[in-house]
Amino acid sequence: MPKRMGIDISIESRTFMYNLERTARVIFQFKDIWNVRDSHRAILEYLDDAVAVNIPAYKGDKGERGEPGPSPLYRGTVATEADLVPIAEKLTAAEIGHWWAVAGSAAGWIWNGKSLLKRDNWVGIEGPVGPMPTLVGGTFTSGEQPGGSIEQVSPGAYRLNVVSQRGPKGDKGERGATGPAAAIGAASDFTPAANVQPGDAIIRTADGRYTTGPNLGLPMYTIQPAQFAAANVTTGSTTTRVQLAQITIPAQTFAWRPSLSGRVRVRGGASTRVDIEVRHGNPDTGLQVGYGMGSLLTSGLNGVAHPVSICTEFAGSEPIDPTKNIARVPAGTEATYYVHAVKAEGFWDAWVTYAEHATLELTCIPTA
């Protein structure tokens, strides 16, 4: 093993001399030792024919935040890089941040106070000339302020919309002369029926045109007693709904909403109430358009049957007006309505309905 001799040399601010004569190689090793501020020492190691000097590497304190550099300033474009040499020879610190471009290159050469540094992809290269865009007609409107917009309708094609500023309102013009009276028969959307008679009405057809027809008033349809079935629910039955009748209204030439009236006689056990309902489209889940509320039958089946009056009653709480679509049947569409007897109150008692004198009247009320 070679002999090792360590010599500590103080690096404090005082000065001293120590002579050591020996022919040897000197190896300087910078050590990342961060506690040298406490020891203030470097280490020399003697290894036969070599002296290793371990020199601590001092880490300085964090510096102050620098001032913002100057913003880049474009100075021009030269033909070749060689043309930048005479420019650089004349630059001073006052031009730091100034830069030049070279024709055909995307790089930029920026003066840093000592030389022109090349930075790749600094500028974009001009591309080829694109195709001429096509303008198609747009809108021309007026408004409080002038303006407009351009919207792309297809690749290379654009629509130009212009808004012109509305001018002041002009003076009211003079009343024009009264024109000739218009003849209904000469209207382009009117075709009278072949057998038109005095007193006939003008009728709007499903295609939006007009013709003539008998003045029949509002179409009305009925279900007569012969078309009603009788319900006969026995004691202990769980049946709560029985269909009594149905009617299909043919397609009308106008949109309409039903108006209903009618009656059905019912009789049931003690504490039993039987109601009558009318639904559109589906026997069980269709929209309710008519209803009649029965009375509690406290006198049992031996009591007198009583009539339940039916009137128009649409399901839901929204009020109906000509703008609503509730129960509306479009022109050209047929509609089917179902009449049911429904046990609304009661448990195991029997109940019945009668076809005699049962009736339902449905009138088609035109709507928007």
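The values are calculated or read from the model by the stated rules, or taken from the named source; none is laboratory data. As the structure is a computational prediction, the values presented were derived from the model and not from experiment. Cβ atoms come from the backbone with ideal geometry, glycine included; neighbour counts cover every protein chain shown. These area figures cover heavy atoms from the full protein model, side chains too; ligands, DNA and RNA do not enter into them. Shrake-Rupley method; radii C 1.70, N 1.55, O 1.52, S 1.80 Å.
In the stretch 221-243 there is at least one residue that is open to solvent by less than 30 Å² (accessible area, probe 1.4 Å) and either of a type in the set (Asp, Glu) or touching a Leu at 6+ places or on another chain (Cβ under 6 Å) (or both). Give the residues of the stretch 289-347 that are open to solvent by 70 Å² or more (accessible area, probe 1.4 Å), at pLDDT 85 or above, closer than 23 Å to Thr238 by Cβ and assigned to a loop (DSSP other than H, G, I, E, B), sorted by residue number. Correct list: Met293 only.
Within the stretch 170-209, restricting attention to residues that are of a type in the set (Ser, Thr, Tyr) and loosely packed, with under 10 Cβ neighbours inside 10 Å, the residue that is farthest from Pro250 (Cα to Cα) is Thr178. Contact map, the stretch 85-109: residues that are part of a helix (DSSP H, G or I) and surrounded by 10 or more Cβ atoms within 10 Å (Cβ to Cβ) paired with residues that are modelled with pLDDT of 90 or more and among the β-branched types (Val, Ile, Thr), Cβ distance under 8 Å, separation 6+ or inter-chain. Pairs shown: Ile87/Val78.
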